[in-house]
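Below is one structure, written out as structure tokens; comments come after it.
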């Protein structure tokens, strides 16, 4: 029997002259780091071109002049087709959003709004965007591009690096289209669950894998001869370019190239190339790669420092649970100093202080935690984790401190903390914000006047009416964009966006955003 090293060597030697031109110039997806894992190109939603709407023969009795030159909003759906499914993970009872969250809006508008929302923003806004992406609600009418808005929601989760919920969303639809399967394939590669998606690839005839994806999955299943044959065929037909062919060859048998120079890193890493470079012993760094790649550094085969840095990067976007972050911080005893080690020490110090019940040590630990975590943006998830124990401890002995109050205000227990007299006295204005009315408190510090004015501002009446007209999701997305403009420096936009979120029933989000703006900016 011919060994797979010999087989691969023969295939590569005869196929080398037939390598095709690189496909790096091919059009990119809305998520530009996706692997080319399926053969069918995905169709992204595009705005309709004026003048292409269907025409009809005018009625002779119809008035020759229209009442308005404005283009009316028209929703369409295929006649006799199935009713669109309500897709998502969390029902209205869990999110508080109506079932018709999206159904009254134009799909291309929603896609544009969802894609434009910023990722690096206040944690309260990140949480709201994630909830909107996961909400189970009736989709907009989208006969021309079915499922396009669902795809945009999944892409927003991928932007955040929230791979677990994105994977759950994709699996809830059985990744039944090439575009959905492509994302499922890459999420599985980054989370180390690719065996399941490779099995599904064999079972879904509607999804045609590219040669690279087929070769990868054949190798994962142990069918090396078929993988090598597929590689040879792809090279001969020009379906696999030279750099990809060289990487696949080493992936199938790295020992054959042990004395060869290392391959150059790709100019655009995808999850598939990332995993194959790792498999041949030349792992790519995740530094500079999209946030989603950081999940690969959470695996047990990565050093503790790399795991911690990846967890912090994901925690900044709310892409991993608070418990996962804490679990990594406390997994071991730091043996070095500086950077992430100091944050691990600060978390351990607070843990120890809470267990001992020493209030003075607890306050020292809190100040140390604040100093170490502010610069890396993980104060909020740590505050959420520690708040229940902190609140119980301080309420019992009536100890209060300004730093402790700040930590509690960044947690889910912000309003409860603001109702404790001792805490309120440390900063009456922050307490007023947490309770939803800072108008009676003195607002002399920093951005306090901006927040005071925002609570008294008038909402955007157009967006309030839009929500009342069955376009709630669109109104929320527009309000988020306006508030973000305010966070970036436009005071008028801040007031309007903040007031509109409150008018749309998102009081909790507005208060959290105000507190985070004051304490974290």
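The values are calculated or read from the model by the stated rules, or taken from the named source; none is laboratory data. Small disclaimer: the values here were computed from a predicted structure and weren't measured. For neighbour counting, all protein chains shown are included, and Cβ atoms are generated from backbone atoms with ideal geometry for every residue, glycine included.
Identify the residue in the range 154-175 that is touching a strand residue (DSSP E or B) at 6+ places or on another chain (Cβ under 9 Å) and surrounded by fewer than 24 Cβ atoms within 10 Å (Cβ to Cβ) and, among all such residues, is farthest from residue 108 (Cα to Cα).
Step by step, filter the range 154-175, then rank; the result is 172.
Between residues in the range 127-149 that are on the phi > 0 side of the Ramachandran plot and residues that are in a helix (DSSP H, G or I) and at pLDDT below 95, which pairs lie under 8 Å by C-beta distance while being six or more apart or on different chains?
147/179; 147/180
When the range 271-286 is examined, which residues are found to be within 20 Å of residue 213 (Cα to Cα) and either buried (at least 20 other Cβ atoms within 10 Å of the Cβ) or in contact with a helix residue (DSSP H, G or I) (Cβ under 7 Å, 6 or more places away or on another chain) (or both)?
271, 272, 273, 274, 275, 276, 277, 279, 280, 281, 283, 284
Please work out if residue 484 is farther than 21 Å from residue 114 by Cβ, buried (at least 19 other Cβ atoms within 10 Å of the Cβ) and either within 21 Å of the chain's Cα centre (by Cα) or without any contact (Cβ under 8 Å) to a residue 24 or more places away in the chain (or both).
no
Can you name the residue in the range 318-342 that is free of Cβ contacts under 8 Å to residues at least 40 places away in the same chain and assigned to a helix (DSSP H, G or I) and, of all such residues, is surrounded by the fewest Cβ atoms within 10 Å (Cβ to Cβ)?
In this case the residue turns out to be 327.
A quick yes/no check of all residues on (1) crowded, with 22+ Cβ neighbours inside 10 Å; (2) in a helix (DSSP H, G or I):
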residue: 344; (1), (2): yes, yes
residue: 355; (1), (2): no, yes
residue: 369; (1), (2): yes, yes
residue: 375; (1), (2): no, yes
residue: 384; (1), (2): no, yes
residue: 417; (1), (2): yes, yes
residue: 423; (1), (2): yes, yes
residue: 442; (1), (2): no, no
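Being surrounded by fewer than 21 Cβ atoms within 10 Å (Cβ to Cβ), touching a residue at least 40 places away in the same chain (Cβ under 8 Å) and closer than 14 Å to residue 121 by Cα, is that true of even one residue in the range 487-509?
Yes, there is a match, as at least one residue in the range 487-509 is surrounded by fewer than 21 Cβ atoms within 10 Å (Cβ to Cβ), touching a residue at least 40 places away in the same chain (Cβ under 8 Å) and closer than 14 Å to residue 121 by Cα.
Out of all the residues in the range 298-317, which are farther than 20 Å from residue 188 by Cβ, in a loop (DSSP other than H, G, I, E, B) and either touching a residue at least 12 places away in the same chain (Cβ under 8 Å) or in contact with a strand residue (DSSP E or B) (Cβ under 6 Å, 6 or more places away or on another chain) (or both)?
316, 317 - these are the residues of the range 298-317 that are farther than 20 Å from residue 188 by Cβ, in a loop (DSSP other than H, G, I, E, B) and either touching a residue at least 12 places away in the same chain (Cβ under 8 Å) or in contact with a strand residue (DSSP E or B) (Cβ under 6 Å, 6 or more places away or on another chain) (or both).
Which residues, taken from the range 109-126, are farther than 13 Å from residue 477 by Cα and assigned to a helix (DSSP H, G or I)?
Those that are farther than 13 Å from residue 477 by Cα and assigned to a helix (DSSP H, G or I): 123, 124.
Can you pull out every residue in the range 284-297 that is farther than 21 Å from residue 247 by Cα and assigned to a helix (DSSP H, G or I)?
Passing the criteria: 291, 292, 294, 295, 297.
Given the options 454, 513, name the one that is in a helix (DSSP H, G or I) and under 26 Å from the mean Cα position of the chain (by Cα).
513
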